[in-house]
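Here the structure is laid out as C-alpha cells; the discussion comes afterwards.
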Amino acid sequence: MSERILIALLILAFSTAFAQTSGTSAATISGTVVDDSGSPLAGATVDYRNVPTAVREQSGHTKVTGSIVESSIVTGKDGTFSLTGLPQGVYWLCAEGTQTTHIRSCDWGFGNTKIDLTTTTSVTNAKLQVHNGVMLTFQVNDARNQIKDFTAAVG
C-alpha cells in the first residue's frame, strides 16, 4: 500500500513540475517605433493585444481559453519599447505617433504587426512604423437609410 502511495506522489510531483515548465513561461517583446524616414519616435504609444485560443468542444461549440491581455506602453526617448511578463501566445501590435499628422501603423492598410510567442519566449527588434499623412473621416447620410457600409454605395 505504501508503494502505491509513493508512486502516486511521484507521478503527481512530476506532472506538477511539467505543468509549471510547459507553456507557462513569461514572454517578452521589444522593439522600436519609427517614422517614415526611419527615425525613432520618442513618446509613441504601442498598443498590444493577444489572440486567445479557440477550441471546438465535442458539442460543436467554440470555447475561448486563456485570458485576453491588452494594454499600451509609451516608447522611451530612443523610440524603444519592451513588453515583459506576457503569457505566451500570438500578439498584435499597433503604434501611434505623437504628431497630428501621424497615421497609426494599423490604419489604412498598413497592417498590424503580428508577433508569435507560442514557440519562443522572446522577440527582439520588432519594428513598428508610423506613417505621415492626413486621415479624413466623414459621415454619409442616406435619406432612405439604405447605405449601411460606404463600400455598398460604390458601383
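The values are calculated or read from the model by the stated rules, or taken from the named source; none is laboratory data. Every value quoted in this text rests on a predicted model; they were computed, and no experiment measured them. As a convention, Cβ positions derive from the backbone with ideal geometry for all residues, glycine included, and neighbour counts pool all protein chains shown. Accessible surface areas use protein heavy atoms only, side chains included; no ligands, DNA or RNA. Shrake-Rupley method; radii C 1.70, N 1.55, O 1.52, S 1.80 Å.
In this simple spin-label approximation, SER71 and ASP36 carry label points 7 Å from Cα along the Cα→Cβ vector, and these lie 3.4 nm apart.
Using a/c under 1.5 as the rounded threshold, could you call the range 17-107 rounded, prolate or oblate? The axes a ≥ b ≥ c are square roots of the C-alpha gyration tensor eigenvalues, and prolate needs a/b larger than b/c, oblate otherwise. Oblate shape, in that a/c is at least 1.5 and b/c is the bigger or equal ratio. The largest accessible area among VAL33, VAL64 belongs to the first residue in VAL64, VAL33, and the rest follow in falling order (1.4 Å probe, all chains).
Couplings 3J(HN,Hα) of the range 101-107, computed from phi: 8, 7, 9, 3, 5, 8, 8 Hz, in residue order, whole Hz [Karplus 6.51 cos²θ - 1.76 cosθ + 1.60, θ = phi - 60°; x for Gly and Pro]. Applying 1/(1 + (r/R0)^6) with R0 = 22 Å to the Cβ-Cβ distance of VAL64 and VAL90 gives a FRET efficiency near 0.95.
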